[in-house]
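Scroll down for the structure; my scribbles are underneath it.
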Amino acid sequence: MEKKIVNNYGSFDVTFVKSKGSTMWDSNGKKYIDFIAGIGVNCLGHNYKPLVKAISKQAEKQIHISNYYFSDVGLDFADALLQVTGFERGYFGNSGAEANECAIKLARKYGQLNGGSKRKTIVTLKSSFHGRTLATLTATGQDKFHPDSFAPYPEGFKTIKANDYEAIKTAFDDTTAALFVECIQGEGGVNLLEPEWIKAAAKAAREAGAIVMADEVQTGIGRTGTFLASDALGFEPEVVTLAKGIAGGVPMGACLFRGKAKDVFVAGDHQSTFAGNPLACAAGLVVAETVSEPEFLDRVNHAGDYIRGAISSWNLPIVKDVRGKGLMIGTQIDSKIKPFDIEVKCLEEGLCTTTAGSDVVRFLPPLNISDKEIEEGLAIYKKVLESFCK
């Protein structure tokens, strides 16, 4: 294939030309089952009729206006998102990294207002991932994302080990502005937080004068079976960041605030030209109204339990663990096998997957994936895993 785009992604030599539901077809007519959904973005799958209709209708009205003004659909989406999440204020952006940058800036300002210049440290977790900008890379608790080629990195970040009670004892002091965590570490390996640990960590952070922030760029918008994963964990963050599935495929992010965080920002503190444009908000409104339905979330939990149970039932020797929640699923693979090799073989067989950490194959299928597509995808996955057992 002729190289026209800088290949920062290490993209495969596959060109997709059409999609429907959780199925895609490439330029050669080959069919694929989509177990990645644009890395959790296409939460309602491809060509979801109500979403297509809303986007088309909005495009006929207006696609973008300046944030010097409000749009009717932007206000409607804000109302819907705040109502379903229980937050009090919201900022719309364009991506997860931008949402996390917003949270980092808010934490720094909160620290200045509640402790002076010394209160600036943001505590994150080892194996975390928060984005590709310089600040969010630094917040990311994985050394492989901190190459010397991008140095120097911003100061003011500290990492501790997740689910480690001893780490909590010395993690927070009067220099801490915020604790910033993923509810499930996605890129780090689909690693779950223990509910009692995160509640204890959040309590310790607040007692030290800090706020608590949840990066729900991947876990939010129903991905883990509740609209927000933090709802199930019960630690009630003052700040939540969202993106990926928030607008069903239209680029968008959001940073939500409540309690001590709700009035920190004032005019001029954080802005973005494209943020919250009417087209994205129209898409987001469909997603919020669809995904927040209890029956929809019940189906996400049922489908996730079924997929994890199926993989476990195969009793394959290369599978060391199957974990996750809702439709955020990780298969831990024997260290002798590279997950990337499994990803490549799955693609050859017609299944789109991705990897996480050093030893995990990750699934993030559309939240409304059909039973038929689940069975087709699992059949391919089983065949591929069995081929690595020979």
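The values are calculated or read from the model by the stated rules, or taken from the named source; none is laboratory data. Keep in mind it's a predicted model, so treat the numbers as computed, not measured. Every residue, glycine as well, gets a Cβ built from its backbone with ideal geometry; the counts of neighbours run over all protein chains shown. Side chains are part of the model used for accessible areas, which takes the heavy atoms of the whole protein and leaves out ligands, DNA and RNA. Shrake-Rupley method; radii C 1.70, N 1.55, O 1.52, S 1.80 Å.
Is there a residue in the stretch 172-190 that is aromatic (F, W, Y), over 19 Å from S230 (Cα atoms) and either in a strand (DSSP E or B) or touching a helix residue (DSSP H, G or I) at 6+ places or on another chain (Cβ under 7 Å) (or both)? Among the residues of the stretch 172-190, at least one is aromatic (F, W, Y), over 19 Å from S230 (Cα atoms) and either in a strand (DSSP E or B) or touching a helix residue (DSSP H, G or I) at 6+ places or on another chain (Cβ under 7 Å) (or both), which makes the answer yes.
Of all residues in the stretch 7-26, none are more than 30 Å from F235 (Cα to Cα), at pLDDT below 95 and of a type in the set (K, R). Of all residues in the stretch 311-331, those satisfying the criterion of being in a strand (DSSP E or B) and open to solvent by 20 Å² or more (accessible area, probe 1.4 Å) are V319, K320, D321, V322, R323, K325.
Identify, by number, the condition in (1) farther than 23 Å from G220 by Cα; (2) touching a Leu at 6+ places or on another chain (Cβ under 8 Å) that I184 doesn't meet. All conditions pass for I184, except number (1).
Being open to solvent by 20 Å² or more (accessible area, probe 1.4 Å), under 30 Å from G74 (Cβ atoms), part of a helix (DSSP H, G or I) and modelled with pLDDT of 95 or more holds for only one residue in R308, R299, and it is R299. Screening V287 with (1) under 30 Å from P50 (Cα atoms); (2) out of contact with any strand residue (DSSP E or B) (no Cβ under 6 Å at 6 or more places or on another chain); (3) of a type in the set (V, I, T) gives one miss only, at (2).
Against the numbered list (1) in contact with a helix residue (DSSP H, G or I) (Cβ under 8 Å, 6 or more places away or on another chain); (2) assigned to a helix (DSSP H, G or I); (3) crowded, with 23+ Cβ neighbours inside 10 Å, A202 comes up short only at (1). Scan the stretch 222-263 for residues that are within 15 Å of the chain's Cα centre (by Cα), small (G, A, S) and not in a helix (DSSP H, G or I) and the total you get is 7. In the stretch 205-221, which residue that is in a helix (DSSP H, G or I) and either of a type in the set (D, E, K, R) or touching a Cys at 6+ places or on another chain (Cβ under 9 Å) (or both) is surrounded by the most Cβ atoms within 10 Å (Cβ to Cβ)? This residue is R206.
Where strands (runs of 3 or more DSSP E) fall entirely within the stretch 1-102, none has at least 2 residues that are surrounded by 21 or more Cβ atoms within 10 Å (Cβ to Cβ) and β-branched (V, I, T).
Exactly one residue among V250, V286, V291, V240 is touching a residue at least 12 places away in the same chain (Cβ under 8 Å), of a type in the set (V, I, T), open to solvent by less than 10 Å² (accessible area, probe 1.4 Å) and over 18 Å from E88 (Cβ atoms), and that residue is V291.
Hey, any hits in the stretch 95-116 for a residue that's touching a strand residue (DSSP E or B) at 6+ places or on another chain (Cβ under 9 Å), under 18 Å from K260 (Cα atoms) and among the basic types (K, R)? Yes, the conditions are met somewhere in the stretch 95-116. Filtering the stretch 119-167 to residues that are within 20 Å of the chain's Cα centre (by Cα), among the aliphatic types (A, V, I, L, M) and assigned to a loop (DSSP other than H, G, I, E, B) leaves only A162.
Restricting attention to the stretch 113-145, which residues are open to solvent by 50 Å² or more (accessible area, probe 1.4 Å) and without any contact (Cβ under 8 Å) to a residue 12 or more places away in the chain? Of everything in the stretch 113-145, those that are open to solvent by 50 Å² or more (accessible area, probe 1.4 Å) and without any contact (Cβ under 8 Å) to a residue 12 or more places away in the chain turn out to be S117, D143, K144.
How many of the residues in the stretch 350-364 are open to solvent by 30 Å² or more (accessible area, probe 1.4 Å) and among the small types (G, A, S)? Matching residues across the stretch 350-364 total 1. Per the listing I55, I5, I39, the residue uniquely within 20 Å of C346 (Cα to Cα) and of a type in the set (A, V, I, L, M) is I39. Annotation: D341 fulfils all but one of (1) surrounded by fewer than 16 Cβ atoms within 10 Å (Cβ to Cβ); (2) out of contact with any Phe, Trp or Tyr (no Cβ under 8 Å at 6 or more places or on another chain); (3) modelled with pLDDT of 95 or more; the unmet one is (2). Only one entry of L347, L378, L367 meets the criterion of being surrounded by 14 or more Cβ atoms within 10 Å (Cβ to Cβ), in a loop (DSSP other than H, G, I, E, B) and among the hydrophobic types (A, V, I, L, M, F, W, C), and that entry is L367.
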